[in-house]
Every structure is written in structure tokens, then in C-alpha cells.
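**Q** My questions will all concern the structure given below.
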Amino acid sequence: MKVLKNKTIYAGNGKTECGYIRYDTIIAETGPMSEFIPQEDDEEVLTEACTVIPGFIDVHSHGGYGFDSMNASPEEIDTMVRRMTAEEGITSYFCTTMTQSYEQIETAMKNIRAAAEQNPVIQGIHVEGPFVSANYKGAQNEEYIRKPDARALARWNDLSGGRIRIVTYAPEEASPDFEHWCLASGILPSAGHSCATYDLLRRSKARHVTHLYNAQRGLNHREPGVTGYGLLTDGVMAELICDGIHIRPEMIRLAHRVKGSSGIELITDSMRAKGMPDGKSELGGQTVYVKDGTARLEDGTIAGSVLRYIQAFRNIMQFAGVGIEDAVQMSSVNQAREFGLTQKGAIAAGRDADFVLLDDACTLKGTVSMGTLFLPSSGISPAAGK
């Protein structure tokens, strides 16, 4: 079996200063080096990394590296996700759709399903639109916005092979039957692109807030809105895009002080231009212009991000003033718990061998996904045995 030795391990539920991990596709054992017993078939994995953390889980990302889940082929989605693993440390990923025609969404479901059947990093689908509010559409195409429709969502879920795990919707546009159907079907209702009031949300079944602060009724001293609901409601998880563009660092610090590390999930909300040169791109059938790390529609509306997950991980530590252990909770532990990814989110015997290798500056030195080592800017390493 492969072995990582003499590493600082943040397991997701504690820290080992000098430890080891023995693994194949599954972690066989992990612990302090004082308990390490060499075995004949040990194959030490040599790396410059001194720190090991659980693999990142991005539950909201549209694309990257020239591809978008809405119109990429299964092979292109697979390539895109492999790049995200190698370049960013993502070991679990929810392909995220956009507000488009029902026919386009159906095609995306089929393609994502085919890609997921060959790439286990794809752990689910996030349906973002078309069930949103035109008042807070953000970069969603208003032409295709529709009322929340359980029959359509059920069809998409069937086409995806039951992979839809979360739907972003405007609760003020939804019936209780829609929300009940989602919960009964294992699909998490997430308030987003919404002008719902705080009182309405308190009566809703929304248990998650899509990209907190962005494209939603904001926090006001007389109306807490969607942002206030996400900040103040126990049991409601809040997504944060920590690129320093979507949200000022001070507001990220505020969210962390209110929610704590247990109430936040880091996302990228990335689009196809991530990892590509500045210039013209596309999102949801709309032209996007990327300059200096910011993606915008022609009217100036921010359109997703080009944020890499490893940078979001570093940013949350800087913006919120927290350490690695808290950042691990927001980048992996919370997502695994909320979405029932019982093999993910921790470095422990019996869990999938998914971890990120960092140096002392938290620079990505490698990613192990289901036991296979990926190296940044070079894909799968020769040592991977693939």
C-alpha cells in the first residue's frame, strides 16, 4: 500500500503533528508516527508537502478550464473535473447548471450522468435555476426563468440517475408542495436569486443559502432578507465565494463571526473561464468578459468567478482570521455532513483516500483522489499507477 509519512495531518476531527496515512483507494490506517509499523508492501509517496488535509468539496461550480457543465460533452466534463482535482485540490464536485431551456437542462443531465459514471469525483448536481426571481437574477438568463416545477425537477433527476442533491430556488415563487417534494426526494432546497423576506423564509423549507450576500434580498435594519436568514438561522448552511470580489473581506469576517466555521461552506461558483486567459467567455448563453480575475456580463453584472478552490481555502484563513482546522471544516467537513457524503470529509480508516497535500505556505503540492496522486499543472503523476 501507499504510505505518507511524517506529515502534519488535519483529519477533519483533530490534528496529528507527525503522522502517517496508509492507503490504497481507501484509507487503511492513519495515526501518529509513534504507532507506525512498517509493512513489506509499503510504497512511500515522496512529496514536498508537510501538511495533509481532507480533499476539497465544491458543491457549487459551473465549470472551468474552457468547459461548462451545461453544454460540455461527458468527455469534456471528465477532463474539466480532472483539471480541478489536479490544479485545485477538489476531490468531490457538484456539477452546477444554469437558467436555460428545459431541453438544454435535460441534455446537461444526461451528459453529467455519463461523466459521473466514469469519474467518481462527480458526487452530485446542483440545479441553480431556472426557478429563481427575475428581480435578483444576477447572471441568470431572464428569458428562461420559470416557477418552481417539481415535475420538471423530477424528470431531470431521473435523467441524471438520481444525482441532483441541491436546487437553488426563490422560495417566494414556490409552493409548499415543491419544497416537500424536494425534501422527500433527498434534494436540498436552497434559497438563492431570491427577494424573499425573512418572515417568508422562516415559514419555508429552505435549509441552505446559495452564495450568501450575492443575488438576494440583502441585510437591512428593518428587513433581514435572505442574507439575514442565512446568517441568523440555526441549521441553515451558507455558501461563501471567497475571492475578495463577490464579497468584501470584512463581510466574510462578519459572516464567520455570526455563523462560525460550522455554518459556512466555501464554494467557487466558477465558470468556464477559470484557468483560462483573460478575454471573452460565455455563461448560460450570455457573453462574459474576464479581466483581472473578475468575470462580468456586458452590463457589468458579476457572472460567476474564476476562483480556484485552493485560493478560496487560503483566502478564508486570511479574511476571517482562522487557522487550517477551521478552513478544513468549511472546505470539506461541512459539505460531507450536509450532503451525506459518508466516505468524504475526513482522513480516517475506511474513508475514501481523498486528501490535499500542502507545503508550509499552503501551496498545493498534490491531490490524492481515491488513492490516485494528481500533481498541479501536470495531471496524473507517474507514481499514480493508473
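**Q** Rounded to the nearest 20 Debye, what is the dipole magnitude of the chain about its Cα centre when Lys and Arg each give +1 and Asp and Glu each give -1 at the C-beta?
**A** It comes to approximately 740 debye.
**Q** What lysines does Lys291 reach when the alpha-carbon gap must be under 30 Å and sequence neighbours fewer than 8 apart in one chain are set aside?
**A** Hits, sequence-local ones excluded: Lys137, Lys274, Lys280, Lys365.
**Q** By DSSP, what percent of the beta bridges with both residues in the chain are antiparallel, rounded to the nearest 5?
**A** Counting DSSP beta bridges with both partners in the chain, the antiparallel share is about 55 percent.
**Q** Next up: For the stretch 262-386, what is the charge dipole size about the Cα centre, in debye to the nearest 20, if Lys and Arg each add +1 at the Cβ and Asp and Glu each add -1 at the Cβ? Mind dumping the intermediate values first?
**A** Values: 12 positive and 14 negative charges, 67 e Å.
Charge dipole, the stretch 262-386, about its Cα centre: 320 debye, nearest 20.
**Q** Which distance in Å, rounded to a whole number, links the C-alpha centroids of the stretch 141-179 and the stretch 27-99?
**A** The stretch 141-179 and the stretch 27-99 have Cα centres spaced 29 Å from each other.
**Q** Taking each pair of different alpha-carbon atoms in the stretch 79-126 once, compute 1/r for the pair, average those values, and report the inverse of that mean as the Kirkwood hydrodynamic radius in Å to one decimal.
**A** Value: 11.3 Å, from the Cα pair sum.
**Q** How long is the stretch 247-309 along each principal axis, judged by its Cα atoms, biggest number first, in Å?
**A** 38, 22, 21
**Q** Between (1) 2.13; (2) 0.95; (3) 1.05, which matches Cα Rg over 2.2 N^0.38 Å calculated for the structure shown?
**A** Read-out from the structure maps to (2).
**Q** Picking from Asn334, Met276, Gly293, whose Cα lies most toward the positive end of the charge dipole for the stretch 198-336 (charges on Cβ: Lys, Arg +1; Asp, Glu -1)?
**A** Asn334
**Q** Given points 7 Å out from each Cα along the Cα-Cβ axis, report the Glu48 to Arg155 separation in nanometres with one decimal.
**A** Reported label-point gap for Glu48 and Arg155 is 5.2 nm.
**Q** Could you sort Ser160, Ser101 by their accessible area in this structure, using a 1.4 Å probe and putting the largest first?
**A** These residues rank, largest area first, as Ser101, Ser160.
**Q** For the stretch 195-247, which trypsin sites (Lys or Arg not before Pro) are both in a DSSP coil and crowded by at most 11 other Cβ atoms within 10 Å?
**A** Numbers: sites: Arg202, Arg203, Lys205, Arg207, Arg217, Arg222; in loops: Lys205, Arg207, Arg217, Arg222.
Answer by residue number: Arg222.
**Q** Could you look at the chain and say what percent of its accessible area is carbon and sulfur, using a 1.4 Å probe and all protein chains?
**A** Ligands and nucleic acids excluded, carbon and sulfur reach 46 percent.
**Q** Let me ask something else. On a straight-distance basis, which aspartates and glutamates could pair with Lys15 in a cross-link, Cα separation under 12 angstrom, same-chain partners fewer than 8 positions away excluded?
**A** Within reach: Glu325, Asp326.
**Q** Heavy-atom accessible area per residue, the chain, 1.4 Å probe: how many Å²?
**A** With all protein chains present, the chain gives 39 Å² per residue.
**Q** Something else about it: What helices does the chain have that are whole DSSP H segments, at least 18 Å long along their own axis by Cα, and with mean Kyte-Doolittle hydropathy of -0.5 or more?
**A** For the chain, where a helix must reach 18 Å along its axis and average at least -0.5, the hits are 102-116.
**Q** Let me ask something else. In deg cm²/dmol, rounded to 500, what helix-only [θ] at 222 nm does the chain give when every DSSP H run of at least 4 residues adds -39500 (n - 2.57) and the total is split over its residues?
**A** -7000 deg cm²/dmol
**Q** Let me ask something else about it. Along the stretch 269-285, what does the Karplus equation 6.51 cos²θ - 1.76 cosθ + 1.60 (θ = phi - 60°) give for ³J(HN,Hα), rounded to whole Hz, x for Gly and Pro?
**A** Result, rounded to whole Hz: 6, 6, 10, 4, 6, 4, x, 10, x, 4, x, 7, 9, 8, 8, x, x.
**Q** While we're on this one: Which of rounded, prolate or oblate describes the stretch 292-378 when judged by the alpha-carbon gyration tensor and an a/c cut-off of 1.5?
**A** Verdict is prolate for the stretch 292-378.
**Q** Tell me the relative contact order for the stretch 36-139 as a rounded percent, counting alpha carbon contacts under 8 Å between residues six or more apart.
**A** Relative contact order, the stretch 36-139: 29 percent.
**Q** Can I ask one more? Note down the relative contact order for the chain as a percent, whole number, built from C-alpha pairs under 8 angstrom at least six residues apart.
**A** After rounding, I find 21 percent.
**Q** Further question: Once amide H atoms are placed 1.01 Å from N in the peptide plane, what residues at a sequence separation of 5 or more from Gly161, or on another chain, have their amide H within under 5 Å of its amide H?
**A** So Gly161 has HN proximity to no qualifying residue.
**Q** Also: What is the packing order of peptides 77-85, 2-10, taking the mean over residues of other C-beta atoms within 10 Å and listing the highest first?
**A** Values: 77-85: 23.8, 2-10: 19.8.
Sorting 77-85, 2-10 by mean packing, highest first, produces 77-85, 2-10.
**Q** Roughly how far apart, in whole Å, are the Cα centres of the stretch 216-294 and the stretch 313-364?
**A** 19
The values are calculated or read from the model by the stated rules, or taken from the named source; none is laboratory data. This structure is a prediction, so every number in the text was calculated from the model and none was measured. Here the Cβ is made from the backbone with ideal geometry for all residues, glycine too, and neighbour counts use every protein chain on show. Areas reflect the complete protein model, heavy atoms only, side chains present, ligands, DNA and RNA absent. Shrake-Rupley method; radii C 1.70, N 1.55, O 1.52, S 1.80 Å.
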